[in-house]
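Trainee: First, the structure itself, so that you have it in front of you.
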Amino acid sequence: MTTPVCTSASTPATFPSFASYVRARGPVLLRAARSLSSNPNDAEDLLQTALTKTYVAWERIEDHRALDGYVRRALINTRTSQWRKRKIEEFACDELPEPDPVPAPDPAELQGLRDAMWRAIMRLPARQRAMVVLRYYEDLSEAQTAEVMEVSIGTVKSAVSRALAKLREDQELAELGLSRIAAQGLPPNA
């Protein structure tokens, strides 16, 4: 079944000849579009795009007897552009590139690690503990931490550095393998 093409989109008052051209030549142009695309819906979209380009250039087209050729060239150029944009290179391979899924960590074990980290943080002096909590648990910047603690940014940097050094040396964290995390300055979230 042929559907009317672009008749409602055109403004007959602006270009009445365009509307009459589309009504008269629409079925022929749709057949041309279908020869360029295997999917009828894609062919209709292709024709709509080509007719839109023709409508935009309507005043510049000098010879209206050659409109079919103009629209066909617009169809071909549009289809070529679509084909180039959709070009995807695929390569056959023996193995799938997806990595093996990593098993989810045991929630009880994660909670045990968080508790151990929190106990180690609680062993820090109060000022260092506050700065570590603000920096890593509350995710504040050094400047924000300095503002909250009413100290300089340099004081925050040095206090946090000393706190992380103490966490790296903490025996309980070392036994659990968390001293590596403390060395990076990234304690697990509470």
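Trainee: Give me the aspartates and glutamates in straight-line cross-link reach of Lys85: C-alpha distance below 19 Å, same-chain residues under 8 apart excluded.
Mentor: Qualifying aspartates and glutamates at Cα under 19 Å: Asp42, Glu44, Asp45.
Trainee: Obtain the nm distance between the two label points defined at Arg129 and Glu59 by a simple spin-label model: each point lies 7 Å from its Cα along the Cα-to-C-beta direction.
Mentor: It works out to 7.8 nm between the two label points.
Trainee: Starting from the range 17-82, pick out the GluC sites (Glu not before Pro) whose DSSP state is loop and whose Cβ has at most 13 other Cβ atoms within 10 Å.
Mentor: Glu59, Glu62
Trainee: May I ask you to give the solvent-accessible area per residue for the range 41-108, in square angstrom, as obtained with a 1.4 angstrom probe?
Mentor: Working: 5680 Å² over 68 residues.
On a per-residue basis, 84 Å².
Trainee: Residue separation times 0.36 nm, minus the C-alpha to C-alpha distance between Val148 and Arg73: what's the value?
Mentor: In short, 20.2 nm is gained.
Trainee: Based on the alpha-carbon gyration tensor of the range 80-144, what equivalent-ellipsoid semi-axes (square roots of 5 times the eigenvalues) come out, in whole Å, largest first?
Mentor: Values: eigenvalues 479, 102, 12 Å².
Listed largest to smallest, the semi-axes of the range 80-144 are 49, 23, 8 Å.
Trainee: If you don't mind, another one. Give me the extension gain from Asp45 to Ala66: residue separation times 0.36 nm, minus the current Cα-Cα distance, reported in nm with one decimal.
Mentor: Gain on extension, Asp45 to Ala66, equals 5.3 nm.
Trainee: Within a Cβ distance under 14 Å of Ala143, other residues only, what is the Lys/Arg minus Asp/Glu net charge?
Mentor: Summing Lys/Arg as +1 and Asp/Glu as -1 gives -3.
Trainee: For the range 92-181, what D do you get in µm² per second when you plug the Kirkwood radius from alpha-carbon pairs into Stokes-Einstein at 20 °C and 1.002 mPa s? Intermediate values should be presented prior to the final figure.
Mentor: Values: Rh = 15.2 Å.
Rounded, D is 141 µm²/s.
Trainee: Above 15 Å lies some portion of the pair distances; for the range 120-170, what is it as a whole percent of all C-alpha pairs?
Mentor: So the pairs more than 15 Å apart make up 35 percent of the total in the range 120-170.
The values are calculated or read from the model by the stated rules, or taken from the named source; none is laboratory data. These numbers come from a predicted model, not from an experiment. Here Cβ is always computed from backbone atoms with ideal geometry, including for glycine, and neighbour counts include all displayed protein chains. Only protein heavy atoms, including side chains, enter the accessible area calculation; ligands, DNA and RNA are left aside. Shrake-Rupley method; radii C 1.70, N 1.55, O 1.52, S 1.80 Å.
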